[in-house]
Amino acid sequence: MTSLSTLTLPDHTQLPDSDGTFVSQSLAGVPPVVRTGAKNWQEHPQSILLTDSIQLVIEDLHSDSQYSIGQDLGIYWRLTDPPEKGASAPDWFYVSNVPPTLEGKIRRSYVLWKEYVAPLIVLEFVSGNGSEERDQTPPSQGEGGNVGKFWVYEQAIRVPYYGIYEVAKAQVEVYHLIDNTYQLMKPNERGHYPIVPMGVELGIWQGFYQNAELLWLRWWDAEGNLLLTGYERIEVERQKAEVERQKRERIVEKLRSLSAEELNALGINPVMLD
């Protein structure tokens, strides 16, 4: 019998990064890769939207850069044979106070028995009826070792916040772990769900993103201001600059209508308007 002192548990380099349904897809600062068999077209841009818009907030929370964001990345929570049956792969999750890479290598998976830190929030994007994401089947009742995804996040990994986003219905359910049990959260007056440790809110936004006008899952700050993507921030600055440019042009045109004497009275050299 192997003693605990000599037992060596596998790490992310020794465990499969795919079981045909999930792959090591993305971490903070690493561009995501489309996985084979993605559940729907919207899933991939949805993950990017969540990561891009929350980046500045998370960087403010972690000045030491000790955090990771996973997109379709397997979370190993138990040892099984085959190993991949002991993993769950959320569509999006965030873990605080862990390094983004391990020994200079991108994570192939997130191994709970090596990290000891559960994700703060896990999000699943539902294409079907949501039965898989709401499945509370414990190991003792699962056929062939299968365990319900809801049970895994609640009882095994113990994720504080679990969101189920139904793409077709454009609605999200958010659960908060209280006394070791998930409690369904009620939205605030803005229809958002506060994720207090992050200082943000989660909700549904209708708008144009990646060439599509759709309902998207997005973040807001605690005051209800939409958190913008990098492109959106650039566009806002561009629009501000354009407004200022037009304002300056109107002022110049008005000044050009004045006589030289009027300009001199204002202390303006007429030559400067040429």
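Some points to look at:
- Counting only strands (runs of 3 or more DSSP E) wholly contained in region 176-237, the ones carrying 1 or more residues that are charged (D, E, K, R) occupy 200-209, 212-221.
- Hits in region 89-105 - residues which are open to solvent by 10 Å² or more (accessible area, probe 1.4 Å) and either within 21 Å of the chain's Cα centre (by Cα) or of a type in the set (A, V, I, L, M, F, W, C) (or both): ALA89, SER96, ASN97, PRO99, PRO100, THR101, LEU102
- In region 170-182, the residues that are of a type in the set (D, E, K, R) reach residues that are in a strand (DSSP E or B) with C-beta atoms within less than 6 angstrom, at least six apart or across chains, in these pairs: GLU173/ILE164.
- From ARG78, ARG108, residue being assigned to a loop (DSSP other than H, G, I, E, B), open to solvent by 40 Å² or more (accessible area, probe 1.4 Å), within 29 Å of TRP216 (Cβ to Cβ) and not small (Gly, Ala, Ser): ARG108
- Test: residue in region 135-147 that is closer than 23 Å to THR51 by Cβ, surrounded by 13 or more Cβ atoms within 10 Å (Cβ to Cβ) and of a type outside the set (S, T, N, Q): no
- Every residue from region 233-261 that is in contact (Cβ under 8 Å) with a residue 12 or more places away in the chain and open to solvent by less than 90 Å² (accessible area, probe 1.4 Å): VAL252, LEU255
- All of TRP205, TRP220 fail the test of being more than 14 Å from the chain's Cα centre (by Cα), free of Cβ contacts under 8 Å to residues at least 60 places away in the same chain and surrounded by 13 or more Cβ atoms within 10 Å (Cβ to Cβ), apart from TRP205.
- Taken together, the residues in region 150-164 that are closer than 11 Å to VAL122 by Cα and either open to solvent by 30 Å² or more (accessible area, probe 1.4 Å) or hydroxyl-bearing (Ser, Thr, Tyr) (or both) amount to 5.
- Within region 165-186, tally of residues that are open to solvent by 70 Å² or more (accessible area, probe 1.4 Å) and not hydrophobic (A, V, I, L, M, F, W, C): 6
- Sole residue being farther than 18 Å from VAL159 by Cα, among the small types (Gly, Ala, Ser), modelled with pLDDT of 95 or more and in contact with a Ser or Thr (Cβ under 9 Å, 6 or more places away or on another chain), chosen from SER53, SER96: SER53
The values are calculated or read from the model by the stated rules, or taken from the named source; none is laboratory data. What you are looking at is a predicted structure, and each value in this text was computed from that prediction instead of being measured. Counting neighbours? That spans all protein chains shown, and the Cβs are built from the backbone with ideal geometry, glycine included. With ligands, DNA and RNA removed, areas are computed over all heavy atoms of the protein, side chains included. Shrake-Rupley method; radii C 1.70, N 1.55, O 1.52, S 1.80 Å.
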